[in-house]
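Notes for the one structure printed next.
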Amino acid sequence: MDDVRRAYATAGITVDQPTAYGTYYRLRCTACGANVGNVGDRLLPGMAEALVAGQADLYAAGLLGCACGHQRATAAAHGARAADGNGGTTAIPVHASRDRWPFWRRVYAAGDPLPRFERAVAATDRFDEGDALPPEYRDLLLKMLRHEGERAGNKSFLGFMATCADIAETLYPTAEARLIKAEYLAEELKHAIMFHRLAVGLDPDFALKDVPYAHYTFHLPRESWADDALFHFLVDLNGAFHARDWRDSSYAPLAEMSSTVERDELGHSEMGYRFLGEIVSDARGRALAQRLLAKWYPAALDMFGRSDSKNAPKFLRWGLKSVGNAEIRAAYKTYVDAKLVALGLEPPDERANRRFL
């Protein structure tokens, strides 16, 4: 965390004590102590410095930072060029919508919204809870669950949910938005129960094991409501695509819960997309969202893993996945790009700022 602390100190932001169990810290204005976001401790080397330096003009323009203006003044003192001439704070105007929770209802009413994946390798075996599992098959299932993270017995997952509640309490633009985020948290806790029960059926010891999120995406700083909207739109959509692929999983308990998880996660993505649509309704919010895509878009693509992953053929052979990392990422990118263009945003270069190609 020393690198993260030093990076944020240059912007007039203090990395406070942990905000919740696990690896998440509040970002506070050095001048007045107000909460301006959060960050995790598993960023890749040099990432914090690059992120803070890269958004210096956003602080200078008042698009990120505290309402007291300390980050704006700090950035100006360092010669950052303002992103626009409006000044002000991080507040983004939003407007009430007639859309109501759950947001998946509207998108599924028009038909199946996600692409179907044709199985690349025919699965010959199918297993249920309590069956004797081949060692490699069991190891792959547990690896998948470690990556998923949504388990009631995983304290680091509960800690991450606390950061989501913290953002809703600190950065929410309307009372309605805060209530919507509470609905989101409730559904994620429902998933935690479902995955907990699946884990218990595999390995009771693992079900109670604390496994912090390893991927850097879950540790990226969220310093604005636009950050939060992009996180949910892109990262929860990643979960929906993976759940879609589980529909034909050779592990029966995973296949049985896949439709529910897919539906809910797509609804969470639509929640973020709705917030994003409100944010880009004016030029100031649109400029902020476009800039923040440079952080969230490559991270979302990286979440599908390397195209040449050595484990991917094993998942395919055992029927735990239908397609490889490159194929599912390409389908995801096509879906995301169309949604971004519909909002008047430009999808970034798919290779820019990528860490796992």
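What does the C-alpha gyration tensor say about the overall shape of region 196-284? Classify as rounded when a/c is under 1.5, otherwise prolate if a/b is larger than b/c, or oblate.
On the way: a/c = 3.59, a/b = 1.76, b/c = 2.04.
Oblate is the answer for region 196-284, as a/c is 1.5 or above yet b/c matches or exceeds a/b.
Which cross-chain or sequence-distant (5 or more) residues have an amide H under 5 Å from the amide H of VAL36, H modelled 1.01 Å from N in plane?
Placed amide hydrogens put LEU27, ARG28, CYS29 under 5 Å from VAL36.
With an 8 Å cut-off on Cα pairs and a minimum separation of 6 or more residues, tell me the relative contact order of the chain in percent.
On the way: 552 pairs, mean separation 67.2, N = 357.
Over the chain, the number comes to 19 percent.
Which sequence of ARG274, ARG197, ARG106, ARG42 reflects their accessible areas, 1.4 Å probe, from the largest down? Could you put the intermediate results ahead of the total?
On the way: ARG274 25, ARG197 160, ARG106 135, ARG42 95 Å².
Final ranking, largest accessible area leading: ARG197, ARG106, ARG42, ARG274.
Give the ranking of LYS333, LYS310, LYS295 by solvent-accessible surface, highest area first, calculated with a 1.4 Å probe.
Ranked list, largest accessible area first: LYS310, LYS333, LYS295.
How much of LEU43 can a 1.4 Å solvent probe reach, expressed as accessible area in Å² and rounded to 10?
About 30 Å², ignoring ligands and nucleic acids.
Not counting ligands, DNA or RNA, and with a 1.4 Å probe, what is PHE103's accessible surface area in Å² rounded to the nearest 10?
10
Kindly sort THR124, THR174 by accessible area of their heavy atoms, largest first, with the probe set to 1.4 Å. The partial results should precede the final answer.
Values: THR124 120, THR174 45 Å².
These residues rank, largest area first, as THR124, THR174.
Could you pull out the pairs from LYS310/LYS333; LYS143/LYS314; LYS155/LYS310; LYS181/LYS339; LYS143/LYS310 whose alpha carbons sit more than 18 Å apart here?
On the way: LYS310/LYS333 22 Å; LYS143/LYS314 12 Å; LYS155/LYS310 29 Å; LYS181/LYS339 21 Å; LYS143/LYS310 13 Å.
From LYS310/LYS333; LYS143/LYS314; LYS155/LYS310; LYS181/LYS339; LYS143/LYS310, over 18 Å: LYS310/LYS333; LYS155/LYS310; LYS181/LYS339.
Mind running the shape call on region 299-338? Use the C-alpha gyration tensor, a ≥ b ≥ c as the square roots of the eigenvalues: rounded below 1.5 for a/c, prolate if a/b tops b/c, oblate otherwise.
On the way: a/c = 3.16, a/b = 1.85, b/c = 1.71.
It is prolate, given that a/c is not under 1.5 and a/b is the larger ratio.
Report the dimensions of region 254-357 along its three principal axes from the alpha-carbon atoms, largest first, rounded to Å.
Reported extents, whole Å, longest axis first: 49, 31, 17.
Per residue, how much accessible surface does the chain expose to a 1.4 Å probe? Answer in Å², no decimals.
Per residue, the chain has an accessible area of 42 Å².
So what J values fall out for region 168-177 if you push phi through Karplus, 6.51 cos²θ - 1.76 cosθ + 1.60 with θ = phi - 60°, rounded to Hz, Gly and Pro as x?
4, 6, 8, 10, 4, x, 9, 4, 4, 4
If you take the square roots of the eigenvalues of the alpha-carbon gyration tensor of the chain and sort them as a ≥ b ≥ c, do you get rounded (a/c under 1.5), prolate (a/b over b/c) or oblate? Mind dumping the intermediate values first?
Details: a/c = 1.86, a/b = 1.65, b/c = 1.13.
Taking the square roots of the gyration eigenvalues as a ≥ b ≥ c, the chain is prolate.
One-quarter of the Cα convex hull surface for region 142-205, in nm²? Could the numbers behind the result be given before it?
On the way: hull surface 17.2 nm².
It is 4.3 nm².
The values are calculated or read from the model by the stated rules, or taken from the named source; none is laboratory data. As the structure is a computational prediction, the values presented were derived from the model and not from experiment. Calculation scope for accessible area: heavy atoms of the full protein, side chains included, ligands and nucleic acids excluded. Shrake-Rupley method; radii C 1.70, N 1.55, O 1.52, S 1.80 Å.
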